[in-house]
1. Provide a single number: the residues in region 59-81 that are assigned to a helix (DSSP H, G or I) and not aliphatic (A, V, I, L, M).
2. May I ask you to list the residues in region 96-110 that are assigned to a helix (DSSP H, G or I) and in contact (Cβ under 8 Å) with a residue 24 or more places away in the chain?
3. Can we say ALA85 is surrounded by 13 or more Cβ atoms within 10 Å (Cβ to Cβ), under 19 Å from ALA41 (Cβ atoms), without any contact (Cβ under 8 Å) to a residue 12 or more places away in the chain and not acidic (Asp, Glu)?
4. Which members of region 1-51 meet the condition of being closer than 19 Å to GLY79 by Cα and either of a type in the set (A, V, I, L, M) or at pLDDT below 70 (or both)?
5. Looking at region 41-58, can you tell me whether even one residue there is outside any loop (DSSP other than H, G, I, E, B), of a type in the set (A, V, I, L, M) and surrounded by fewer than 17 Cβ atoms within 10 Å (Cβ to Cβ)?
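The values are calculated or read from the model by the stated rules, or taken from the named source; none is laboratory data. This structure is a prediction, so every number in the text was calculated from the model and none was measured. When we count neighbours, we look across all protein chains shown, and the Cβ atoms used for this are built from the backbone with ideal geometry, even at glycine.
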Amino acid sequence: MKRLLSLILLVFIFVALTFTSSALAGDAAAGKAVFSANCNACHLGGKNVVNAAKTLQKDDLDKYGINTLEKVVYQVTNGKAAMPAFKGRLTDKQIEDVATYVLAQAEKGW
């Protein structure tokens, strides 16, 4: 009985890990192109030319609570303060890709 339960548990874990999407669901390579065309003017190298305290560096993303794919997607889609909203200017896929790229670059330290 223990073997059967162990086997069922292993199968469950395998299925759960296999079919769970990663935290970075978009395409970072495509996101780099979107970033270069739309974000570089203000965020070159993960900086922020408008508000130097709010960069795209991991520490700042953590500090301001914009450190998940969903939160970066929301920020890019809706904008905030001096940052314009990209809803309607970029597709949902492009926004997800650029958010994936931003988070990946933040992890690498830009």
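1. 10
2. GLU96, ASP97, VAL98, ALA99, THR100, TYR101, VAL102, LEU103, ALA104, GLN105, ALA106, GLU107
3. Values: surrounded by 13 or more Cβ atoms within 10 Å (Cβ to Cβ): yes; under 19 Å from ALA41 (Cβ atoms): yes; without any contact (Cβ under 8 Å) to a residue 12 or more places away in the chain: yes; not acidic (Asp, Glu): yes.
So ALA85 fits the description; yes.
4. Listed by number, the residues that qualify are VAL34, ALA37, ALA41, LEU44, VAL49, VAL50.
5. yes
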